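Undergrad: Sending over a structure as C-alpha cells; questions will come in a sec.
Bear in mind these aren't lab numbers, they're just calculated from the coordinates by the rules spelled out. Note that the coordinates shown come from a computational prediction; the quantities given were computed from them, not determined experimentally. When we count neighbours, we look across all protein chains shown, and the Cβ atoms used for this are built from the backbone with ideal geometry, even at glycine.
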Amino acid sequence: MPSGLIALLDDVAGIAKMAAASIDDVGAAAGKASTKAAGVVVDDAAVTPRYVTGLSPSRELPIIGKIALGSFRNKLLFILPAALLLSAFAPWAITPILMCGGAYLCFEGAEKLLEALGHGGHAEDTPVEGDPATLEKTTVAGAVRTDLILSAEIMAIALADVSAEPILTQAAILVVVGVGMTVVVYGAVGLIVKMDDIGLHLAERPRGRFRALGRGLVKAMPVVMNALSVIGTAAMLWVGGGILVHGTHTLGLHWPAEPLEHLAHAAGAAAGPLEGLVGWFVTAFASAVIGAVVGGAIALLIHQLGRLRAASAH
C-alpha cells in the first residue's frame, strides 16, 4: 500500500478519534448541565398536564405533541441563537440574567407555597370557552408561552455551566440539552396524562392481575399528580435559591455562599459515611429556604403593587 495512502488513513483515524472524543465531551457536559436544570424540568412536567385537563381524551396526545413542537421552536430557533450571541458578546451578563431567572423560579415556588398554605397565590391559566378548534389553539398557545419562560431558564442554566467552552461546543451542548429535555419532559407528560386511560384499559382485562394493576393505576394518579406538584415546588425553590447563592458568590459576595458551604461541610463530616448525601441535603435545604424568603418577598411586593393599582383605578 502506498505510504501516502497509509498516512491519509492514519489522519482519518486520528480525526475520527478526535470527533469521538468531542462527542463524548459534549455528551458529558450536556448531562451535567441537564442535571443542574432538573428543578425547572420537574416543574415543567408538573405544569403541562394541566393544559389538557378537561379536554377530549382523543386530543390529549396531539395537543401535547403541538406543545412539544412549540418547545422545540422556543429552544432551538429563539433561545439558542440569543444564548450564543450573549455568550460571544456579553458573557458578563450571563450571571445577572441567570439570577433574574432564579428569582423568577423563587417567586413561582413561593406563590405555589403560599397558595398551598391558603394565602392566595396566582391562578393558573384556564382554557377559554369556545369551539374545540379555538379552545385547542388557545390552550397550545398558552402552554407554549409558559414553556418559553421555563425553556429559557433551562438553557440559561446550561449556558452558565459551559460558558468556558468554544462557541461551537456550546452550541452542540445546548442543542443536546434542548432536544433531550424536551423529549424527556413531554414524553413524561404524555405518559402521565394517559396513565389513567391505561389503567382503565387494564382494569377491563379478563385476568385478575391486570384488573388489579389497572385499578391501582387509576387510584394512584391523583396521588402522583399531587406528589409531582409538591416536588416541582420544592425543586423550584431549591434550584432558584441555589442559582441566587451561586450567582452572588460569582459576583464577589462571600455571603451566603461561603457560610452555607462551611455548614454543609461540617454537617457532612459529622455524618460519617453519609457525608456526601448529608452535605448535599443541607445545601439543598438551605437553598430552598433562601429561595422561599426571596420568592416570598417578591410575591408580597407584587401583590401589594397589584392592590395599589386596583385602589388607584377605583
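Undergrad: Using a simple spin-label model with points 7 Å from Cα along the Cα→Cβ vector, what separation in nm is obtained for I198 and V293?
TA: Here the modelled spin labels are 4.3 nm apart.
Undergrad: If the chain between R145 and L84 were fully stretched, how many nm would it gain, using 0.36 nm times the residue separation less the Cα-Cα distance?
TA: 19.8 nm
Undergrad: Spin-label point model (7 Å from Cα, Cβ direction): what's the L308 to A266 distance in nm?
TA: Once both label points are built, they end up 4.0 nm from each other.
Undergrad: What FRET efficiency comes out for the pair L168/T250, r = Cβ-Cβ distance, R0 = 35 Å, nearest 0.05?
TA: My answer for the efficiency is 0.90.
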